[in-house]
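Single-structure report; data block below.
The values are calculated or read from the model by the stated rules, or taken from the named source; none is laboratory data. In this text the structure is predicted, and so the values were computed from the model without any measurement. Here the Cβ positions follow ideal geometry from the backbone for every residue, glycine too, while neighbour counts run over all protein chains shown.
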Amino acid sequence: MTAQRSIIAAALAGVALVAALGACGKKEDLKPVAGQPPAALPVGATRAPTTQELTTPDAQAKPARSDELLKRSEQREPDDFDLPPPG
């Protein structure tokens, strides 16, 4: 019985430790490390991108959503690549 209690106590202590470590994250802007060289420039770029530019997804990474409902059925355009299965 004592072994079970010690296992349960150890598990609870582990969960509490993980929760405490997860709650101590920083919420500040990222800053470069002192003494380290800056990141390499992308090919063809004239200046280094800012942190905001690097962390903002472009339109291809996060496409806009179209909430427009289909009001009436429409005929599909022919698709040259819509081939029947072989055989």
message: If S66 satisfies all but one of (1) assigned to a loop (DSSP other than H, G, I, E, B); (2) polar (S, T, N, Q); (3) at pLDDT 80 or above, what's the number of the condition it fails?
response: (3)
- request: Tell me, please, whether a residue that is loosely packed, with under 10 Cβ neighbours inside 10 Å, more than 21 Å from the chain's Cα centre (by Cα) and in a loop (DSSP other than H, G, I, E, B) can be found in the range 14-25.
  value: no
